[in-house]
Amino acid sequence: MNQESLEMDKNTEFYVNCALYFEFLRKKGDTDYDFEDEYYFTMPAISNH
């Protein structure tokens, strides 16, 4: 497995984990604005390959 493929796997894992976390928060009726801010700040940087 090359470096780019490994990074894509990590990015996919990150997106899946975030989606699960956001779904968990919605079901609880809760928010995590600090995490959301970090997520939306980080997302373009890791997606820009």
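The values are calculated or read from the model by the stated rules, or taken from the named source; none is laboratory data. These figures come from a predicted structure and were not determined experimentally. Here the Cβ positions follow ideal geometry from the backbone for every residue, glycine too, while neighbour counts run over all protein chains shown. Ligands, DNA and RNA are stripped out before the accessible areas are found, and what is left, the full protein with its side chains, is counted by its heavy atoms. Shrake-Rupley method; radii C 1.70, N 1.55, O 1.52, S 1.80 Å.
Between helix 33-47 and the chain there is an angle of about 20 degrees, using the helix long axis and the longest principal axis of the Cα atoms.
What number comes out for the charge environment of Leu20, summing +1 per Lys or Arg and -1 per Asp or Glu over other residues with Cβ under 15 Å away? Local net charge: -2.
Taking all protein chains as shown and a probe of 1.4 angstrom, Met8 keeps an accessible surface of around 110 Å². With contributions of -39500 (n - 2.57) from each DSSP H run of at least four residues, the per-residue ellipticity at 222 nm computed over the chain stands at -29000 deg cm²/dmol. Note on Tyr33 and Leu6: the extension gain reaches 6.8 nm, defined as 0.36 nm multiplied by sequence separation minus the Cα-Cα distance.
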